[in-house]
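Structure first, commentary second.
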Amino acid sequence: MTRSVAICACLTLLAACNGFTAARMPAPTPPVPSGTTPPASSPTVAAPSAKSEELARYYQRLQNELLTQGLLRGDGGGSDTPFTDTLLARNFVRIALFNEYRDDSDFLTPRATLSKLRRWDQPIRMSVQFGDTVPLLQRDMDRASVSSYAARLSRLSGIPISMDDENPNFSVYFLGEDDRLGFEDELRRIIPNISDATVRTVINLPRDQLCFVIGTFEPGQSTYRQAVALIRAEHPNLMRSACIHEELAQGMGLANDSPVARPSIFNDDEEFALLTRHDELLIRMLYDRRLQPGMSPATAAPIARQIARDLLAGGAS
């Protein structure tokens, strides 16, 4: 299973239009007394397809199996997961200075490649949007989870993050299987040069890929300008929270995974579901002013070692 896919591209949601037939015209809206505001109508929730319902059952079984194995931990790591400044620095280089996939691949087989250091250098305006099949109570839960976690990422990175549905540059979508289909035209309109492989990934997301994030930056630059995260709405609560934690953190610039990183969500062994203390330090390292966007691994690695020593010597872990 691959929890996350990190891609250098961009995505937006194609809004659905609700229609009606002439035989079932809606009743006229009663007049609103002068000086009052009409009540806001509740969003329409569409019934999920049989395929979406089957996916929901599959992911519930998967979550249960992982929990029975002692995985999907939410404790942040403890005495059973010690790490040194050397390990922290090595994990940082592997996670922040490598890409998980080649940008011309089909995103089905991970293939880590060297990357420059990438991060945000401007305030993040984050929006949360939902497909038509997402239940209203689930929308409320996920919106609150994203808002709370965004505030945590802001404290760790020093980058201001606000919730903004009007003009976002980091959009988080919760979409059911039915909601995700039909995105291609809109995707190509927003990103005219988007690769066919990226479009296929979005439209035909394999069952074992649980969520993904896409980030964009200007040619020749290494600072993000826009990011989009997509999380399957069929996931049970803990798995959706796990996707929120990993995708938003990857969207901050920690784009790769490492099989030796522990305790960490940037490890496909699924031991940890939620951001750990180790991962908090990775974010602090990424946004340390001693590191600069565009640095190569060779240049950034010795600086990362010094930052890791400073953090652990200062009682950060």
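Read the figures in this text as sums done on the coordinates, not as results from a lab. Model, not experiment: these values are computed from the prediction. In this analysis, Cβ positions are derived from the backbone assuming ideal geometry, glycine residues included, and neighbour counts consider all displayed protein chains.
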inquiry  = Cut-off 15 Å, label point 7 angstrom out along Cα-to-Cβ of Leu137: give me the residues of the stretch 231-254 whose amide nitrogen falls inside.
reply    = 236-238
remark   = Proxy exposure order for Lys51, Lys116 (fewest C-beta within 10 Å first) is Lys51, Lys116
ask   = Between Ala298 and Ala144, what FRET efficiency comes out of the Förster formula 1/(1 + (r/R0)^6) with R0 = 51 Å and r the beta carbon distance, rounded to 0.05?
value = 0.75
query = How far, in nm, would the chain grow between Val45 and Asn167 when pulled straight, counting 0.36 nm per residue and subtracting the alpha carbon separation?
reply = 41.5 nm
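How about the stretch 252-299: which trypsin sites (Lys or Arg not before Pro) there lie in a loop by DSSP and see at most 16 other Cβ atoms within 10 Å?
Working: sites: Arg277, Arg284, Arg289, Arg290; in loops: Arg289, Arg290.
Passing sites in the stretch 252-299 are Arg289, Arg290.
With +1 on each Lys and Arg Cβ and -1 on each Asp and Glu Cβ, how big is the dipole of the stretch 139-239 about its Cα centre, in debye rounded to the nearest 20?
Numbers: 11 positive and 15 negative charges, 79 e Å.
So the dipole magnitude of the stretch 139-239 works out to roughly 380 debye.
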note = Nearest-0.05 FRET efficiency for Gln306 and Leu238 at R0 = 41 Å, using Cβ-Cβ distance, is 0.65
query = Placing +1 at every Lys and Arg Cβ and -1 at every Asp and Glu Cβ, with all other atoms neutral, what dipole size does the stretch 185-317 have around its Cα centre, in debye to the nearest 20?
reply = 420
remark   = Note: Asp268 to Arg207 extended length (0.36 nm per residue) minus current alpha-carbon separation gives 20.4 nm
